[in-house]
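Since every read-out is calculated from the coordinates, none of them should be taken as a lab result. This is a predicted model, so every value here is computed, not measured. Glycine also receives a Cβ, built like all others from the backbone with ideal geometry; neighbour counts cover every protein chain displayed.
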Amino acid sequence: MAKKPGVLVSAFFLVMGMSGIALGNPPNDGPGCGLGKLAWAETKVSKNNIAPQVMMATTNGTFGSQTFGISSGTSGCTNDGQVWASEKVNVFAAISFDNLAQEMAQGQGEHLTSLATLMGIPADQHPAFFAMTQEKYTTLVQAGEPSPKAVVQAIHDAMVDHPVLAQATTSK
């Protein structure tokens, strides 16, 4: 007689649940870091209880502070881990989008320089990058409703066809 998949899945979760009870839960001080962790860490209730953990996670989710804290190394977070290169670029673009858009229109600026560096563009190619973003500003930023991620993707796409910057995109 063949066993039903549902029975096997139920048995698996029952065994896993029982092993968790047998081993106990390791000490927990809440969900990572961020504003929620800072705001609710000093509660009189044990941080192993569900209420402080829910409040920490809800606060972090509401304000987006955990993601920012991890990427910037603030709010009790550390940024000693590796963030994927593309995500570093996307996070930076999201945080500084208004400044980036303005500097792309001007063809220069600190934020634009930082973006070029995060994208792995060699310093000697920065002037070509600045000129390209200024020249294609309208198509990169002002087309439709731009999002930081869409602008970064549009910049990558424009670099592929650029005689100087195409090398920076293929060297990754």
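Some observations on this one:
- The length gained on full extension between residue 51 and residue 164, counted as 0.36 nm times the residue separation minus their Cα-Cα distance, comes to 35.1 nm.
- For the stretch 85-170: rounded, prolate or oblate by the Cα gyration tensor [a/c cutoff 1.5]: rounded
- Each peptide in 53-62, 157-166 gets a packing score, the mean of other Cβ atoms within 10 Å over its residues, and the list from highest to lowest is 53-62, 157-166.
- Here the 3J(HN,Hα) profile of the stretch 102-118, calculated from phi with Karplus coefficients 6.51, -1.76 and 1.60 at θ = phi - 60°, is 5, 6, 5, 5, 7, x, 5, x, 5, 5, 5, 5, 4, 4, 4, 5, 4 Hz, Gly and Pro shown as x.
- Stretch gain in nm, segment residue 149-residue 58, where the contour uses 0.36 nm per residue and the Cα spacing is subtracted: 30.2 nm
- Spin-label model, residue 88/residue 157: points 7 Å from Cα along the beta carbon direction are separated by 2.5 nm.
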